[in-house]
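Where a number appears in this text, it was derived from the coordinates with a stated rule and is not lab data. Because the structure is predicted, anything quoted here is derived from the model rather than measured. Please note: Cβ atoms are built from the backbone with ideal geometry, for glycine as well, and neighbour counts cover all protein chains shown.
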Amino acid sequence: MYYKKHVFVCDNIREEGERPSCGRAGSPLLLAYMKKRLKELGLKDRIRIQRSGCLDRCELGPVQVSYPEGIWFSIKTEEDAEIFLRNYIEKENADSIRHLLLEDEN
Ligand code: FES
């Protein structure tokens, strides 16, 4: 795998009245924050964080998925994003981000 971790952040936006969407749940601002902090932490060369279209877990959004592990997250705030970046991305400590994980069957 080219990147050590490759994180997809759904930022799909649906019209009001349609099914919920990550874009309406604040995902674009979170994505911008995560990309900015990734660069500031000096992790940009090894880690890729990028936007994605709908990942079909819309009601749980904003949602993100990280490969190669295939681990799903629901990071909703900048504080969540900071915990994710500092612990899961930088230190590879999955225990400290359990509260951000989505179960496979949700
Ligand atoms: S809109 Fe994000 S998972 Fe569907």
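For the charge dipole of segment 5-100, defined by +1 on Lys and Arg C-beta atoms and -1 on Asp and Glu C-beta atoms about the Cα centroid, which residue among ILE97, LEU41, ILE83 has the Cα displaced farthest towards the positive pole? Result: LEU41. Counting lysine pairs in the chain whose alpha carbons fall under 13 angstrom apart, excluding pairs fewer than 8 residues apart on the same chain, gives 6. Projected onto its three principal axes, the C-alpha set of the chain covers 40, 28, 27 Å, listed from the longest axis down. No disulfide-compatible partner, judged by a Cβ distance under 4.7 Å, exists for the following cysteines of the chain: CYS54, CYS58.
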